[in-house]
Amino acid sequence: MAKPIPKWVQERLSKLWKKYEGREMSYEQIEAVLKPDEKTTISVFLNELKKAEWIDIRRGEGEEDARIRIYTIKEPNQILKEITSK
């Protein structure tokens, strides 16, 4: 069940949604869009999304790709439904 997220996370999430709209993305793609600043790191941002259940994370397929993580943002309407149905 999705939970509310801090405003700073929402702002960065909005940038990613505009670029990928729920498509899968790699850490490097996320980093390229957000261009980490001094206030936060990508890992902290992704951890906030994971704790709030706003993002799905899976491992890459195959022996070489098993270390790679693939991220997918949940549909915003789905998230709102989950938050408001509490």
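Read-outs throughout are calculated quantities, based only on the coordinates presented, and are distinct from any laboratory measurement. Remember, predicted model here, so these are calculated numbers, not experimental data. For neighbour counting, all protein chains shown are included, and Cβ atoms are generated from backbone atoms with ideal geometry for every residue, glycine included.
Annotation for region 1-38: GluC sites (Glu not before Pro) lying in DSSP loop with at most 10 further Cβ atoms inside 10 Å of their Cβ are GLU21, GLU38.
Shape of the chain from its Cα gyration tensor (a ≥ b ≥ c, root eigenvalues): rounded if a/c is under 1.5, otherwise prolate when a/b > b/c, or oblate? Taking the square roots of the gyration eigenvalues as a ≥ b ≥ c, the chain is oblate.
Between the amide H of GLY22 and those of ILE73, distances stay under 5 Å, these residues lying 5 or more places away or on another chain, with hydrogens modeled in the peptide plane. Note on the chain: Lys pairs 8 or more places apart or on different chains, Cα atoms under 16 Å apart, count 17.
Between ILE70 and ARG58, ARG59, GLY60, the built amide H atoms are under 5 Å apart, and every one of these is 5 or more places off in sequence or on another chain.
Here is how the number arises for the chain: DSSP H runs of 4 or more residues each give -39500 (n - 2.57), the sum is divided by the residue count, and the result at 222 nm is -14000 deg cm²/dmol. Dipole magnitude for the chain: about 460 debye, using +1 per Lys or Arg Cβ and -1 per Asp or Glu Cβ, origin at the Cα centre. Extension gain, LYS74 to LYS19: 0.36 nm times the residue separation minus the Cα-Cα distance gives 18.4 nm.
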